[in-house]
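Engineer: The structure is given below, and queries will be raised subsequently.
The values are calculated or read from the model by the stated rules, or taken from the named source; none is laboratory data. Given the structure is predicted, the values throughout are model-derived calculations rather than measurements. Using ideal geometry, Cβ is built from the backbone for each residue, glycine included, and neighbour counts are taken over all protein chains shown. Just the protein is used for accessible areas: all its heavy atoms, side chains included, with ligands, DNA and RNA removed. Shrake-Rupley method; radii C 1.70, N 1.55, O 1.52, S 1.80 Å.
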Amino acid sequence: MWDFVVVGAGVIGVSIARELRRRHRARVMVIEKEPSPGRHASGRNSGVLHAGVYYKAGTLKARLCVDGNRRMREYCLAKSIPLNENGKVIVARSHEELRSLRELYIRSQSNGVCVELVDTVALKDIEPCAKTVEQALYVKDTAVVNPQRVMEALMADAVQEGIEFRFDCAWRAREGQDVANTSRGHIAYGHLVNCAGLFADKIAHQFDVGRQYRILPFRGQFYRLRPGSKVQVRGNIYPVPDLRNPFLGVHFTCRPEGEVTVGPSALPLLGREQYRGLAGANASDGLAMIKYLLRLFGRNRDHFRSIAWRELAKISRSGFYREAEGLAVGFEPGDLLPGKEPGIRAQLVDTRTAELLSDFVIEPGPRSTHVLNAVSPAFTSSAPFAEYVVSLMNLRE
């Protein structure tokens, strides 16, 4: 019997496995349905290490992001993983957005983030191609990393520390109190940690945990900026987001290798792994998405309708361009080239209220712990997040 079985070899699953091993000197196994780690959100994200600007003071995200940013940057430097440490500017596209920009400044100060409100002259020294109305927010601690390089390093460390991985091993069902039925046989455990990302709710429901929650998949599509574009990006250029919803909008990101990505979209999907076209769509997920979209449309909580129409417009290249053109001087429609593999955000919804949940959600269960909402900045926050989750575990059952 294994002391702990962790389901999912993304950044959260691997980080929690390492923390369990360090803290309890336990026998830990990580099972993963794919042939290698980080094949979904952990290896497909933008690689931006967030600084803690967006989150209300006192939320779990705010508490963990600042520490996570520092520790992830230190980890990358120690492992010789390249970083782009040129920071981020958040720009206002209209006078109406200045109020939200200043709210972000206040939140940043409350969270201990190193930020500065700059005028248009100072902005040109930081990001010469960025454009804004009157002011922009300069976030110095934002960095960018290749997430796949991070996953490779975390995996190597975990193996060296004595954690066992079993790949091509998909969760099937819970059997009894302490047995996982997988595609590679039965695995007995003392405590199970559910870090299954897009499928975390399905596993939790088998433990009668989180019945009020369901995961809705949203695809994040990226474009690449044409290398010959007039737009030169040093770090990141972000818009002021709508603070009432969990999506940050289309932005420019210069990756450590020099490539600039433009994105992402947030397109609701009919399947949890619907990466291209209709491949991966299915009736169960499709009906659930349609059901909750209709509820969200009907209630129009936090102006959801306007958000939805904006996201639907990004299906076309021209719509995507219109969303990004307000961020940079010299940006042209021909600057958008086909991008990297899209990622899918596992967005948790409260089925009682049809509310899209913004903060992290971790729920205890019988001989188990379930990470149900670990969206951005979970990658940035993975080290302190793992410590927090392990500290919550009830191991006296």
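Engineer: Does I290 satisfy being in a loop (DSSP other than H, G, I, E, B), over 18 Å from the mean Cα position of the chain (by Cα) and not basic (K, R)?
Structural biologist: Numbers: in a loop (DSSP other than H, G, I, E, B): no; over 18 Å from the mean Cα position of the chain (by Cα): yes; not basic (K, R): yes.
For I290, the condition - in a loop (DSSP other than H, G, I, E, B), over 18 Å from the mean Cα position of the chain (by Cα) and not basic (K, R) - is not met.
Engineer: Among the listed residues R352, R345, which satisfies the condition of being surrounded by 21 or more Cβ atoms within 10 Å (Cβ to Cβ) and not acidic (D, E)? Can you show your working first?
Structural biologist: Values: R352 fails: surrounded by 21 or more Cβ atoms within 10 Å (Cβ to Cβ).
Checking each option against the conditions leaves just R345.
Engineer: While we're here: What is the residue count in segment 13-47 for residues that are in contact with a strand residue (DSSP E or B) (Cβ under 6 Å, 6 or more places away or on another chain) and either among the hydrophobic types (A, V, I, L, M, F, W, C) or in a helix (DSSP H, G or I) (or both)?
Structural biologist: So the count comes out to 12.
Engineer: Note down all Cβ pairs under 7 Å where the first residue falls in segment 226-242 and is at positive phi, the second is open to solvent by less than 10 Å² (accessible area, probe 1.4 Å) and not small (G, A, S), and they're at least six residues apart or on different chains.
Structural biologist: Matching pairs, first to second residue: none at all.
Engineer: Can we say Q177 is more than 22 Å from the chain's Cα centre (by Cα), open to solvent by 30 Å² or more (accessible area, probe 1.4 Å) and at pLDDT below 95? Lay out the reasoning, then the answer.
Structural biologist: On the way: more than 22 Å from the chain's Cα centre (by Cα): yes; open to solvent by 30 Å² or more (accessible area, probe 1.4 Å): yes; at pLDDT below 95: yes.
When the stated conditions are applied, Q177 passes them.
Engineer: Taking segment 224-259 on its own, how many of its residues are hydroxyl-bearing (S, T, Y) and within 18 Å of the chain's Cα centre (by Cα)?
Structural biologist: Step one: filter segment 224-259 for residues hydroxyl-bearing (S, T, Y), giving 229, 238, 253.
Adding the requirement that they be within 18 Å of the chain's Cα centre (by Cα) leaves 238, 253.
Within segment 224-259, residues that are hydroxyl-bearing (S, T, Y) and within 18 Å of the chain's Cα centre (by Cα) number 2.
Engineer: Identify, by number, the condition in (1) in contact with a helix residue (DSSP H, G or I) (Cβ under 8 Å, 6 or more places away or on another chain); (2) assigned to a strand (DSSP E or B) that F247 doesn't meet.
Structural biologist: Failing condition for F247: (2).
Engineer: Give the residue that is nearest to Y75 (Cα to Cα), with candidates limited to residues of segment 373-397 that are open to solvent by 10 Å² or more (accessible area, probe 1.4 Å) and among the aromatic types (F, W, Y).
Structural biologist: Among those residues, the one meeting the criterion is F379.
Engineer: Just to be sure I understand, how many residues within segment 250-268 are closer than 24 Å to S358 by Cβ and surrounded by fewer than 21 Cβ atoms within 10 Å (Cβ to Cβ)?
Structural biologist: Matching residues across segment 250-268 total 2.
Engineer: Tell me, yes or no, whether segment 149-163 has at least one residue that is closer than 26 Å to S80 by Cα, among the acidic types (D, E) and loosely packed, with under 14 Cβ neighbours inside 10 Å.
Structural biologist: Our first condition is that a residue be closer than 26 Å to S80 by Cα; within segment 149-163, this holds for 149-163.
Those still in the list that are among the acidic types (D, E) too: 152, 157, 161.
Next, only the ones that are loosely packed, with under 14 Cβ neighbours inside 10 Å stay: 161.
Yes, the conditions are met somewhere in segment 149-163.
Engineer: Follow-up. Does segment 274-291 include one or more residues that are free of Cβ contacts under 8 Å to residues at least 40 places away in the same chain, within 30 Å of L104 (Cβ to Cβ) and open to solvent by 10 Å² or more (accessible area, probe 1.4 Å)?
Structural biologist: no
Engineer: While we're here: Across segment 174-199, what is the number of residues that are assigned to a strand (DSSP E or B) and at negative phi?
Structural biologist: First pass over segment 174-199, keeping only residues assigned to a strand (DSSP E or B): 174-175, 179-182, 185-194.
With at negative phi added as a condition, the list becomes 174-175, 179-182, 186-194.
Summing the residues that are assigned to a strand (DSSP E or B) and at negative phi in segment 174-199 gives 15.
Engineer: Can you tell me which of F252, F218 is in contact (Cβ under 8 Å) with a residue 60 or more places away in the chain, in a strand (DSSP E or B), of a type outside the set (V, I, T) and farther than 22 Å from V150 by Cα?
Structural biologist: Numbers: F252 fails: farther than 22 Å from V150 by Cα.
The conditions single out F218.
Engineer: Please list, ordered by residue number, the strands (runs of 3 or more DSSP E) wholly in segment 48-151 having 3 or more residues that are in contact (Cβ under 8 Å) with a residue 60 or more places away in the chain and under 24 Å from F360 (Cβ atoms).
Structural biologist: Working: elements: 88-91, 115-119, 135-139, 143-145.
Result: 143-145.
Here's the yes/no breakdown for (1) open to solvent by 50 Å² or more (accessible area, probe 1.4 Å); (2) β-branched (V, I, T); (3) at pLDDT 95 or above; (4) in contact with a strand residue (DSSP E or B) (Cβ under 6 Å, 6 or more places away or on another chain):
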{"site": "R184", "(1), (2), (3), (4)": "yes, no, yes, no"}
{"site": "V209", "(1), (2), (3), (4)": "no, yes, yes, yes"}
{"site": "P217", "(1), (2), (3), (4)": "no, no, no, yes"}
{"site": "P241", "(1), (2), (3), (4)": "no, no, no, no"}
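Engineer: Same structure again: Exactly one condition in (1) closer than 21 Å to E259 by Cα; (2) surrounded by 15 or more Cβ atoms within 10 Å (Cβ to Cβ); (3) basic (K, R) is not met by R317; state its number.
Structural biologist: For R317, the exception is condition (2).
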